[in-house]
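Please read the structure below before turning to the comments.
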Amino acid sequence: MDDDLRGREPQKSSLESRIESELALLAKDARRIPRALFFAALVLIGVLLTAASIWMHIAPWWVLASFFAVLVALLAAAIWQEHDVWARRLALTTITVLTLFLIVSITHLVHALFHENLSDVALFRDALLLWVTNIFVFAVWYWEIDRGGPIRRHRGHPEPPDLLFPQMMAEIPEWAGWQPTFLDYLYLAFNTNTAFSPTDTAVLSRRMKFLMMMQSALALVVVAVVAGRAINIG
């Protein structure tokens, strides 16, 4: 009898280990944040910026593309290794760099309107590229800033909300516990670019108000450049 019990103990221990291992994998999967659209947006921003004509006068397109690729690769590695602090720092650094490139590109666009003999097609092409880039850059900003970023939101330790989406205010049982995804922040950025306002989303924090002011201002400058060429200012 004792021998039978001793023979069963390793089996029980093995079963417990297997259950614990599976539970650990499930917990790890639950901790993963859906970032596919986020990384797709970063790649698209890099493609759009390298396609703008300003960078042809500064460096070959592949230099800028390689720089973007290194930043995104470092960020992906930090996220994969679950180094949350470094992932947050690298994400903010990457977005800041992309924003600076965007501002430089738009500044060059304004300069080109008055001082360079760009064709209408080239000017409108650059304006469209930068207008679309503006949407994705600030969608990434909103994703990373709201309530302390995706890590805090997903892990259940968010900061006070920077944005209040309509679903959060709706007294509908089906919307209980609703959380925004990257697509919601992209929609917000698109509205801000086109209507120069967040439309249906309440902006609560000063830092988010500043970001939206910046996005609207940059979008307005791009539209003004197109309008200026249309009436032959340049």
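No lab work stands behind these numbers, since they all come straight from the coordinates. These numbers were taken from a predicted model, which means no experiment stands behind them. With ideal geometry, Cβ positions are generated from the backbone for all residues, glycine too; neighbour counts draw on all protein chains shown.
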| task | Based on other C-beta atoms within 10 Å, arrange Ile172, Ile45, Ile33 from fewest to most. | result | Ile172, Ile33, Ile45
| note | Length gained if His157 through Asp84 is fully extended, taking 0.36 nm per residue and subtracting the Cα-Cα distance, is 25.0 nm
| query | For the chain, what does -39500 (n - 2.57) per DSSP helix run (n ≥ 4), summed and divided by total residues, give at 222 nm, in deg cm²/dmol to the nearest 500? | reply | -25500 deg cm²/dmol
| request: Round to a whole angstrom and tell me the spacing of the C-alpha centers of region 143-165 and region 99-122. | output: 35 Å
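Using a Förster radius of 30 Å, what is the FRET efficiency between Ala217 and Glu174 based on their Cβ-Cβ separation? Nearest 0.05, please. It would help to have the intermediate numbers written out before the result.
Details: r = 38 Å, r/R0 = 1.25.
With R0 = 30 Å, the Cβ-Cβ based efficiency is 0.20.
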| task | Sort His83, His115 so the one with the fewest other Cβ atoms within 10 Å of its own Cβ comes first. | result | His115, His83
| task | Could you size up the charge dipole of the chain around its Cα centre, putting +1 on the beta carbon of Lys and Arg and -1 on that of Asp and Glu, and report it in debye to the nearest 20? | result | 580 debye
| task | Round to the nearest 10 and give me the degree value, 0 to 90, for the angle of helix 61-80's Cα axis relative to the longest principal axis of the chain. | result | 20 degrees
| message | For Cα extents along the principal axes in Å, one of (1) 63, 60, 35; (2) 98, 48, 25; (3) 73, 54, 39 was computed from the structure I shared and the rest are decoys. Which label? | response | (2)
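By how many nm would the segment from Ile58 to Lys209 lengthen if fully extended, with 0.36 nm per residue of separation less the alpha-carbon distance?
Details: separation 151, 0.36 × 151 = 54.36 nm, distance 3.31 nm.
Full-extension gain reported as 51.1 nm.
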| said: Along the charge dipole of the chain, pointing to its positive end and built from +1/-1 on Cβ of Lys, Arg, Asp and Glu, which listed residue (Pro158, Thr50, Val72) has its Cα farthest out? | reply: Thr50
| message | Take His111 and Ala36, extend 7 Å from each Cα along the Cα→Cβ direction, and tell me the distance between the two endpoints in nm. | response | 4.1 nm
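Counting other C-beta atoms within 10 Å, which of Leu129, Leu183 has the fewest, and how do the rest follow? It would help to have the intermediate numbers written out before the result.
On the way: Leu129 20, Leu183 11.
Going from least to most buried by this count: Leu183, Leu129.
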